[in-house]
């Protein structure tokens, strides 16, 4: 280790844990099917038990191969981009593996996207095929497609030739009750006889571990969404290292409702169970009662859920009816996880915290808590870097490496960083520097022990009267108050100080919020310039599809409330 690395916040990758394999997702499935053939692989619950599927590893491989040959029969070639737009469902699982086997690139699409958002993703990704659910909640996806491509009205088999809008989109396949213009998924799957098992094996052999297997679109809260290109090598190995750190094995059952169109679902859930021969139990969308029923039925040892989901289950009025003391690990991520919640999870379910820091562009997990740490240490940070992952903290303005414990931008380098943003070389160059460091945009602190603490986002940092204020510090203070269950802090424009501090808080069950008491509590624990000027009670917080709080929406709401006079300062 160099002198610079010894005295600065720079963590060199270590070679502990599993070695990095040059392996594809399809080959990993085949390997596990040969090893764990009769063991349960995936259970997916749809419609609160009305539908879904359960496969052993051998059954999963057979079904995946059938779908893969169906894709080949429809002309899907290695390197083609195939968009999948649907809620969690059996077909989604099959497609994740089948597209990997034929060497196509899975473009994940949030089914909540509306017409213009969908048009952007399909066009920017150059999708050749779209496999979609006709509707999702109140979103009529089929109607949006007809508006985007009027020529679909003349089709009855899902095959397009040209068209003025999205001319590169040649095949549309509908899930479930497919609309008349689309080919049904069952028809596509049953057409696999036109491609033989030998042809599939030959195609699969062509796929390389460094090939892109997924394009995952970022949230697009600033500017247009960007498609992060993730490889077989980066995602499968990330899952292997996560599973090793978490101590996952063939006996584990992972329960989750995290969306498959996000890395939390398709990597942290699907792949981490695959690589150890474990059993994934997932559901089409989160609903507290149904998840508790699945918990009682399957006795999971690992739960992957955001804090909001955990809270809703622990506060369920009929919680005592369900068997929930089955966990080893409570798996979650984010920068604002209430320690009180994780203590409750440990006490009531047996699940020790397994807290990660990740980002889509890093396939996705960067750091993870260690079982070697004490319970309190596991709650205090986002863990330490996974093996083979290099991180450092730099000054955002100068690029110099920070001292240990000093706040700066988190940068990551290693096997897990993305191949770039699809068809956006300038954005890629802004994010990954010539030395291979991926600049995360996260403000963080790194201890000499490797423990990482996320302070906030560069764009979320509040500059009040020339002083930098980090929202996470205030949020963590508010969460320590007994009346608060969730807290989010944003900046709002101020004519005198540049920015002021606004806190959105949700009350703990049965509690009443007192803004002045909360401000006084903050004052007793932090410097005066960090005191929230505005405190707004909330019943719910705006969330993304994968359960993250939409800070941009809170900033917009704070500006609106202050400008209208609906939100007045709390007396300091």
Principal-axis tilt of helix 232-246 within the chain, Cα atoms, nearest 10 degrees: 50 degrees
Computed label-point distance, nm, for sites residue 19 and residue 78 using a 7 Å Cα→Cβ extension: 2.5 nm
Relative contact order for segment 57-229, counting Cα pairs under 8 Å that sit 6 or more residues apart, in percent: 27 percent
Neighbour-count order for 506, 283, fewest beta carbons within 10 angstrom listed first: 506, 283
Inter-part distance where segment 483-529 and segment 279-294 are each reduced to a Cα centre, Å: 34 Å
Proxy reagent accessibility, fewest Cβ within 10 Å first, across 276, 42: 276, 42
For segment 461-564: rounded, prolate or oblate by the Cα gyration tensor [a/c cutoff 1.5]: oblate
Sequence-separation-based contact order of the chain, relative, with Cα cut under 8 Å and 6+ spacing, percent: 12 percent
Helix axis angle, 90-101 relative to the chain longest principal axis, alpha carbon, degrees: 80 degrees
Burial ranking of peptide ranges 301-314, 340-353, 251-264 (average Cβ count within 10 Å, highest at the top): 251-264, 301-314, 340-353
Modelled FRET efficiency - R0 22 Å, residue 539 with residue 318, Cβ distances, 0.05 increments: 0.55
Separation in nanometres of the label points that stand 7 Å from Cα toward Cβ, at residue 54 and residue 526: 4.8 nm
Projected area, mean over directions - the chain, Cα convex hull, nm²: 26.4 nm²
Label-point separation in nm, residue 467 to residue 559, each point 7 Å along Cα→Cβ: 2.5 nm
Stretchable slack from residue 31 to residue 376, in nm (0.36 nm times residue separation minus alpha-carbon distance): 120.3 nm
Ratio of Rg to Rh over segment 57-229 (Cα coordinates, Kirkwood Rh, two decimals): 0.95
Shape call, segment 525-572: gyration tensor on alpha carbons, a/c limit 1.5: oblate
Between 0 and 90°, nearest 10: helix 288-298 axis offset from the chain longest Cα axis: 60 degrees
Taking segment 41-142 and dividing mean pair separation by its residue count, relative contact order in percent (alpha carbons under 8 Å, at least six apart): 26 percent
Least to most buried among 280, 171 (fewest other Cβ within 10 Å first): 171, 280
Using a Förster distance of 35 Å, the FRET efficiency for residue 157-residue 458 (Cβ separation, nearest 0.05): 0.10
Extension gain (nm, one decimal) between residue 497 and residue 7, 0.36 nm per residue minus Cα-Cα: 172.8 nm
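Read-outs throughout are calculated quantities, based only on the coordinates presented, and are distinct from any laboratory measurement. Bear in mind that the values here come from a model prediction, so they are computed numbers and not experimental data. FYI the Cβ positions are ideal-geometry reconstructions off the backbone, even for glycines, and counts take in every protein chain you see.
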